[in-house]
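Here is the structure we will look at, set down as structure tokens.
What follows is calculated from the coordinates using simple rules that are stated; it is not laboratory data. Everything numeric in this text was worked out from a predicted model, so none of it was measured. As a convention, Cβ positions derive from the backbone with ideal geometry for all residues, glycine included, and neighbour counts pool all protein chains shown.
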Amino acid sequence: MASEDNSANLPRGADWPSRLRGAWLALLGRLGADPATGQVSPTSGRGAAHPQALLIESLISGLPGAAIVLDRDGRVIAFNAAASGIAPSLRRGEPALITLRMPELVDAIRRATASRTPQRVEFFERVPLDRWFEAFVTPVRLANTGEANANILLMTFNDLTPLRRVEEMRADFIANASHELRTPLAALLGFIETLQGPAKNDVAAREKFLAIMQGQATRMARLIDDLLSLSRIELNAHLQPNTPLDLAPVVKQVADGLQTLARDRDVTIKVAAPPDELIVLGERDELVRALENLVENALKYGAAGKRVDITLARNQTRGGAPEARLAVRDYGPGIAPEHLPRLTERFYRVDVADSRAQGGTGLGLALVKHVLNRHGGRLSIESTPGEGATFIMHLPLRTGDSAPIQELT
Ligand code: ADP
């Protein structure tokens with residue numbers, strides 16, 4: 001054993017065999033031996049320090065989640081950096097029951113100590129932020145140590161907050177979707193009852209009600225269509241499209257397809273595009289759908305401005321990468337700044353009644369955002385109330401792109 005004593009005094013920065021020997025020394029309970037160097041720690045004489053404190057600390061420092069280790073008297077032996085985030089006042093050598101104020105956790109520590117069986121608890125913290133955690137309190141018996149220090153408690157924590165947030169979002173989403181479907185459904189049922197009862201023989205009323213019912217049914221169909229598109233895009237969110245695609249024909253297809261709506265609204269669509277191809281790696285149908293949503297919105301909400309500009313241009317990201325900039329500008333009432341950050345949330349509308357009157361589902365911009373995310377791009381929105389709004393699709397250009405001339409007809 002004399003040779004082991006010598007190696008335990010090796011200086012810091014010792015070679016790997018010495019460090020390994022140091023780790024073993026610490027594991028075997030050599031008081032204060034540093035597992036990294038084999039050096040005997042100057043704190044080794046302190047009564048409160050657990051003989052394996054350094055080894056335990058170096059072990060739990062490698063864990064991604066918070067971990068705290070207590071001795072059999074409930075005093076803190078070691079904790080890692082993530083644990084300080086949960087309990088900032090943790091101190092080595094101090095009783096954990098004073099520092100950890102969560103009653104559920106304190107109970108679990110007591111139960112684990114008394115029964116020597118692992119315990120799992122969930123707890124919620126309000127300060128400084130709402131956070132949910134689960135904690136596992138596991139009694140561990142260290143081998144080859146003196147009886148007094150053999151029993152320790154390992155506590156590990158999982159932050160459940162992101163999971164809970166997703167659950168809440170899903171519940172909200174289902175509630176919103178059901179509500180959106182229930183409104184036209186209630187209208188349909190109401191009209192069916194009226195047509196079966198009081199308006200049974202009223203031909204004029206029947207014609208009028210059937211037209212309204214058709215409108216409501218169309219809205220339900222559009223809502224289901226948008227919901228399905230959204231979930232399909234989300235399902236494929238991790239698969240970036242890889243088909244080379246010129247954006248000018250996409251712009252032309254959308255502008256041509258919406259001419260009838262534009263005429264109905266007395267709006268002129270103006271298209272500007274560079275003569276050269278702008279090639280992105282994309283899913284044509286999704287990009288058409290996204291641009292259609294933006295132009296439709298401009299025609300619906302910005303009709304008062306009588307004009308909608310669709311402008312395709314070559315641009316650069318802030319990082320200097322080449323991108324396509326596809327802007328849809330209207331000259332309508334615009335959008336107040338407080339709404340801008342929330343517009344791409346599902347079912348968010350500036351004016352719910354206006355959106356419904358226009359046949360909107362509240363999902364259009366959420367869909368645009370998801371399509372762009374999947375293409376490695378992004379949506380930006382600029383608006384000054386009273387002066388219209390500009391919705392811009394930014395899409396990364398395929399690099400190494402040559403630019404042959406092509407006319408946009
Ligand atoms: P909707 O189906 O209601 O049109 P969207 O997600 O496409 O849903 O749009 C969300 C909301 O953003 C709309 O209800 C509307 O209030 C607002 N909005 C979208 N585009 C414009 C625009 N060009 N001008 C003014 N408001 C707009």
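Hey, fewest Cβ within 10 Å first, where do ILE310, ILE279 land in order?
Arranged by neighbour count, lowest to highest, ILE310, ILE279 become ILE279, ILE310.
Can you sort GLU207, GLU382, GLU283 by how many other beta carbons sit within 10 Å, fewest first?
The order, fewest Cβ neighbours first, is GLU207, GLU382, GLU283.
How high is the FRET efficiency from ASN373 to GLU207, r the C-beta distance, R0 45 Å, rounded to 0.05?
0.50
Students often get this wrong, so check it: of LYS208/LYS369; LYS270/LYS300; LYS208/LYS300, which have C-alpha atoms separated by over 27 Å?
From the list (LYS208/LYS369; LYS270/LYS300; LYS208/LYS300), the Cα-Cα distance tops 27 Å for LYS208/LYS369.
Tell me the net charge near SER380. Cut-off is 14 Å between Cβ atoms, SER380 excluded, with +1 for each Lys or Arg and -1 for each Asp or Glu.
So the surrounding residues net to +3.
Taking the Cβ of LEU223 as the center, what net charge do the other residues with Cβ under 14 Å away carry, scoring Lys and Arg +1 and Asp and Glu -1?
+3
Could you compute the net charge surrounding PHE209? Neighbours are other residues with a C-beta less than 11 Å from the C-beta of PHE209; K and R count +1, D and E count -1.
The answer is -1.
Label points 7 Å out from Cα along the Cβ direction at ALA171 and ARG91: separation in nm?
Using points 7 Å along Cα→Cβ, the separation is 4.0 nm.
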